[in-house]
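The values are calculated or read from the model by the stated rules, or taken from the named source; none is laboratory data. What you are looking at is a predicted structure, and each value in this text was computed from that prediction instead of being measured. Using ideal geometry, Cβ is built from the backbone for each residue, glycine included, and neighbour counts are taken over all protein chains shown. With ligands, DNA and RNA removed, areas are computed over all heavy atoms of the protein, side chains included. Shrake-Rupley method; radii C 1.70, N 1.55, O 1.52, S 1.80 Å.
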Amino acid sequence: MLNVAPKEMRENIARANGYLRRNEVPRAMQAMSTALRQFAGVKLMRAARAEMDIQITDFLKALVRHQAMQPLLDPQQTGKPRKLPYQLGKEAALATVLDGLAKILRDEAENAVKRKVEARVERKKTLIQTGVQLLQTGQIAKGRAFLKRVAEEFKDEKGICVQLGQIFVAVGQHVEAAEMYEAAIQAQPRDGAGYIGAVNSWLALHEYEKAEKVYKAVLRTFGGHPSTFGKMAKLYLLWHKRELAEEFATRALQGDSRQADALAVMETLNRR
């Protein structure tokens with residue numbers, strides 16, 4: 001017989017109490033379950049066993065009082081939760097009970113997270129559908145408000161601003177679309193979708209200076225590329241800035257002699 005409980009068992013009891021204090025109830029029960037199974041497999045002197053009995057009993061008392069256990073042990077909210085009885089020699093049975101209770105709590109936590117995610121998805125869907133319907137029926141201000149609420153509530157969701165920008169484009173609201181794409185650039189500066197959408201929206205509004213500003217941000221973020229120079233050449237051509245159109249078309253063709261936008265711009269310039 002041992003006059004001191006094995007170190008591993010004592011450590012598991014200590015872990016159980018630590019987890020319980022941190023409100024990690026399933027982990028606390030799992031650690032105590034492991035300790036109980038270890039307890040069942042060793043022979044201890046009376047004093048050592050008594051000490052372990054006290055620690056286990058104290059843990060069970062604290063566990064029963066924990067708020068997370070009330071739905072399981074006191075579903076009617078009587079204020080008198082069921083006890084978790086501990087009997088000498090039946091440590092393995094109690095360990096099984098703790099394992100079962102821990103699984104219930106883990107399953108409930110997973111289901112709660114799933115329900116929260118589903119509710120979040122449903123809310124986003126409802127807000128977007130309502131916003132689009134309002135826009136389509138001419139209630140522009142209200143429709144914008146609903147979609148902007150989506151942007152605010154779901155701003156942590158990757159790609160949400162691009163999605164909203166696309167919706168605004170589809171209903172012909174290019175100013176709001178451009179603003180959403182600009183917000184997408186701020187949120188995800190390495191995602192090209194925001195830049196493309198912003199440029200297209202500003203071009204649709206003939207806001208050439210704002211489109212140019214986006215292109216310059218592209219150059220700062222991604223560096224110079226023949227396709228970017230070619231698109232900038234087209235912008236300057238639309239803007240009636242012949243010298244810049246020619247300059248950027250030339251830069252594009254220096255990097256790619258077959259760059260389509262640049263070739264089209266040079267052809268147009270040569271005809272004038």
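Results, tabulated for the structure shown:
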quantity: Residues that are of a type in the set (Asp, Glu) and either in contact with a Pro (Cβ under 9 Å, 6 or more places away or on another chain) or in contact (Cβ under 8 Å) with a residue 12 or more places away in the chain (or both), drawn from the range 87-112; calculated: GLU91, ASP99, GLU108
quantity: Of all residues in the range 25-36 being open to solvent by 40 Å² or more (accessible area, probe 1.4 Å) and touching an Asp or Glu at 6+ places or on another chain (Cβ under 9 Å), the one that is farthest from LYS90 (Cα to Cα); calculated: GLN30
quantity: Number of the exception - ARG271 against (1) over 30 Å from GLY138 (Cα atoms); (2) at pLDDT 95 or above; calculated: (2)
quantity: Qualifying residue in the range 199-218 (condition: among the aromatic types (Phe, Trp, Tyr), in contact with a Ser or Thr (Cβ under 9 Å, 6 or more places away or on another chain) and modelled with pLDDT under 95); calculated: no
quantity: Leading residue by the ranking (nearest to ALA28 (Cα to Cα)) among those in the range 46-72 that are open to solvent by 90 Å² or more (accessible area, probe 1.4 Å) and more than 39 Å from the chain's Cα centre (by Cα); calculated: ILE54
quantity: Condition check for PHE39: modelled with pLDDT under 90 and open to solvent by less than 50 Å² (accessible area, probe 1.4 Å); calculated: yes
quantity: All positions within the range 73-90 that are under 14 Å from LEU60 (Cα atoms) and open to solvent by less than 60 Å² (accessible area, probe 1.4 Å); calculated: LEU73, PRO81, LEU84, TYR86
quantity: Residue count, the range 220-272 (criterion: assigned to a helix (DSSP H, G or I) and closer than 20 Å to GLY192 by Cβ); calculated: 20
quantity: Single match in GLN173, GLN139, GLN186 (criterion: at pLDDT below 95 and more than 22 Å from THR126 (Cβ to Cβ)); calculated: GLN186
quantity: Contacts under 9 angstrom Cβ, first residue in the range 38-56 being closer than 20 Å to ASN17 by Cβ, partner among the basic types (Lys, Arg) and part of a helix (DSSP H, G or I), 6 or more apart; calculated: PHE39/ARG49; MET52/ARG10; GLN55/ARG10
quantity: All positions within the range 5-20 that are at pLDDT below 95 and open to solvent by 80 Å² or more (accessible area, probe 1.4 Å); calculated: LYS7, GLU8, ARG10
